[in-house]
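Read through the structure below, which is laid out as structure tokens, and then see the notes.
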Amino acid sequence: MSQPPSVASAVPAPAQPAGLQPDDPPAVAPSPTDPRPASPRPDGLRAVLFDLDGVLAPTADLHRRAWADLFQAVFAQAGVSQPYSDRDYFVHLDGRPRQDGVAAVLASRGLELPWGEPDDPPDRDSVHGLGRRKNQAFQAALSRQGVQPYPETGAVVRALSQAGWDLAVVSSSANAGAVLAAGGLAESFPLVVDAALAARHGLAGKPAPDSFLYAARQLGLPPARAVVVEDARSGVAAGRAGGFGLVVGVDRGAGRAALLEAGADLVVDDLTELWDHLAGLTQGRTVR
Ligand SMILES: [Mg+2]
């Protein structure tokens, strides 16, 4: 994956940033229940759990278009007068498991369909069928257009990894693996909690915190030592509900006020700003 030079230069390589010398005493003593060594960071944070769509890669745009196509057709067929809009995406769909989102949009227009079965074909008028229909459209767009991570993603992920942060992806998407692979990010994230893994382990979807809590457990960390990074209200709410040490909203369209209201500790415009903040935590100053 190539990285734009402008971003690489904006993110300093923190192989051994000041304040992170190997002999420094840990600022936080390990608790008896925490087998991991203490974090060198003053607040004990040591992992970053990233949402994928809209945080690491602009796949949210593909999702938005696929949802819009689906519901414009469904609403036309049902004679719904209030047209589908981007507001429906941000309020009902963004970050949530597919079926929950379908049911929420239908309910917002007084529509109801049978829930159906997970293996319903895409032409069946059920919640699962509509979800399948949308996913087919998304996958077709993904293979047609591909996906590139946001320009700053690769440099920031590398910098965090080199600075010793544990990294994971926690996504409601069933396509997380394909998106990470298409974007050249798969190797950066040995732990990916996606829709398939959530289903296998019976993890409730965002805004429930279960998938983030699962990721923290897999990393051997209590939630207070992990950062959640999310662009959706539902995901921010999940981070807040899980008691995570820091919940960062990335405003890719949901709106700063909405993310703060959902429980974000801070809202950034992009991942470079996130890196600035985390590096500032480490070094006691903001890097720029
Ligand atoms: Mg997202």
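The values are calculated or read from the model by the stated rules, or taken from the named source; none is laboratory data. Predicted model only: the values in this text are computed from it and were never measured. Quick reminder, even Gly has a Cβ in these numbers, built from the backbone with ideal geometry, and neighbours come from all protein chains shown.
Against the numbered list (1) surrounded by 15 or more Cβ atoms within 10 Å (Cβ to Cβ); (2) more than 21 Å from the chain's Cα centre (by Cα); (3) not charged (D, E, K, R), S85 comes up short only at (1). On inspection, A73 does not qualify as of a type in the set (A, V, I, L, M) and either touching a helix residue (DSSP H, G or I) at 6+ places or on another chain (Cβ under 8 Å) or within 22 Å of G205 (Cα to Cα) (or both). No other residue among L52, L70 is surrounded by 18 or more Cβ atoms within 10 Å (Cβ to Cβ) and more than 16 Å from the ligand (Cβ to nearest atom) apart from L70. Listed conditions (1) outside the structural domain of W67 (by TED's automatic domain parsing); (2) surrounded by fewer than 23 Cβ atoms within 10 Å (Cβ to Cβ); (3) out of contact with any Ser or Thr (no Cβ under 7 Å at 6 or more places or on another chain) are all met by S171, apart from (2). The combined condition, being more than 16 Å from the ligand (Cβ to nearest atom), at pLDDT 85 or above and over 19 Å from A176 (Cα atoms), is fulfilled by A76. Scan region 242-251 and tell me whether some residue there is at negative phi, within 13 Å of the ligand (Cβ to nearest atom) and in a helix (DSSP H, G or I). Among the residues of region 242-251, not one is at negative phi, within 13 Å of the ligand (Cβ to nearest atom) and in a helix (DSSP H, G or I), which makes the answer no.
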